[in-house]
Amino acid sequence: MAQPSQRHGWAEARPWTWMVNWLNCADARSWLHRLQDGVAWDQPVVRVYGRHHVVPRLTAFMAAEGVNYHYSGVSHRGEGLPDWLYPLLRRVNAACKENFNGCLLNLYRNGNDSMGWHADDEAEIEPNTQIASLSLGATRDFCLKHRHQPLREVLHLQGGDLLIMHPQCQKEWLHALPRRKRVLQPRINLTFRCFIKSQGL
Ligand SMILES: O=C(O)CCC(=O)C(=O)O
Ligand SMILES: [Fe+2]
């Protein structure tokens, strides 16, 4: 019997590639600790529909000089990628066949921290490039829903998993990381992105 999605012609392949255990346990744990202790984490205030909110997680931004990135009233400026990130960046670049020049980092201190529905479709991101999302630490549910069709997915992302979001993922789908009260351990997520550099740099 055809699945409902096939009967309605919605059986196209999903626009992402999920690489489970892309980093082995030891590497995933050592990157988690290094990032937890070595990154200057911040808790920005964002403006959404004219109201100010403290984001429910900690964040950091790392990018090449000349990259400027704005979302929800928050501005980030690239100051060069740190040398210690390159061994990881080279592996992510090779897995995705991209040349990422920036990374947004999120630290979810426990299951109370979250991220709402959105797509990473800002004008500063190079069109038709992949976004690579590396998970470290606690397993969390990563939810996706199609913008126009009744399609939803939940991926249980574990420490060491690499999720490659293809360009259609931002065009046609939204994603979110909902609160999960039972999760007590921290999780770090890095999203590697190709940013358009400002003119003249
Ligand atoms: O934490 C995650 O898995 C998602 C992060 C995310 O969507 C983002 O940084 O844009
Ligand atoms: Fe995102």
Original post:
So which residues in the range 86-122 are hydrophobic (A, V, I, L, M, F, W, C) and either at pLDDT below 95 or out of contact with any helix residue (DSSP H, G or I) (no Cβ under 9 Å at 6 or more places or on another chain) (or both)?
Top reply: Leu89, Val92, Ala94, Ala95, Cys96, Leu104, Met115, Trp117
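Residue by residue, here is whether (1) in contact with a strand residue (DSSP E or B) (Cβ under 9 Å, 6 or more places away or on another chain); (2) within 26 Å of Val67 (Cα to Cα) holds:
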position: Leu85; (1), (2): yes, yes
position: Asp113; (1), (2): yes, no
position: Ile125; (1), (2): yes, yes
position: Asn128; (1), (2): no, yes
position: Gly159; (1), (2): yes, no
position: Trp173; (1), (2): yes, yes
position: Leu184; (1), (2): no, no
position: Leu190; (1), (2): yes, yes
Original post:
Can you pull out the residues in the range 166-183 that are part of a helix (DSSP H, G or I) and either within 13 Å of ligand 2 (Cβ to nearest atom) or out of contact with any His (no Cβ under 9 Å at 6 or more places or on another chain) (or both)?
Top reply: Pro167, Gln168, Cys169, Gln170, Lys171
Original post:
Any chance the range 142-154 includes a residue that's assigned to a strand (DSSP E or B), within 14 Å of ligand 2 (Cβ to nearest atom) and β-branched (Val, Ile, Thr)?
Top reply: no
Subject >> the range 57-79, subset part of a loop (DSSP other than H, G, I, E, B) and touching a strand residue (DSSP E or B) at 6+ places or on another chain (Cβ under 8 Å), residue most open to solvent (accessible area, probe 1.4 Å) >> reply: Glu79
Original post:
Consider Cys194 against the criteria (1) within 13 Å of ligand 2 (Cβ to nearest atom); (2) surrounded by 17 or more Cβ atoms within 10 Å (Cβ to Cβ): it satisfies all of them except one. Which criterion is unmet?
Top reply: (1)
Original post:
Mind checking whether some residue in the range 27-47 is closer than 17 Å to Trp117 by Cα, open to solvent by 20 Å² or more (accessible area, probe 1.4 Å) and either at pLDDT 95 or above or touching an Asp or Glu at 6+ places or on another chain (Cβ under 7 Å) (or both)?
Top reply: no
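Quick grid of which residues meet (1) away from ligand 1 (no atom under 11 Å from the Cβ); (2) within 20 Å of Trp41 (Cβ to Cβ); (3) without any contact (Cβ under 8 Å) to a residue 12 or more places away in the chain:
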| position | (1), (2), (3) |
| --- | --- |
| His76 | yes, yes, no |
| Pro87 | yes, no, yes |
| Gly102 | yes, yes, no |
| Asn110 | yes, yes, no |
| Gly116 | no, yes, no |
| Glu122 | no, no, no |
| Asp141 | no, no, no |
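The values are calculated or read from the model by the stated rules, or taken from the named source; none is laboratory data. Since the model is a prediction, treat every value here as computed from it, not as a measurement. Neighbour counts are summed over all protein chains in view; Cβ atoms, including those assigned to glycine, are modelled from backbone coordinates with ideal geometry. Side chains included, ligands, DNA and RNA excluded: accessible areas come from the protein's heavy atoms. Shrake-Rupley method; radii C 1.70, N 1.55, O 1.52, S 1.80 Å.
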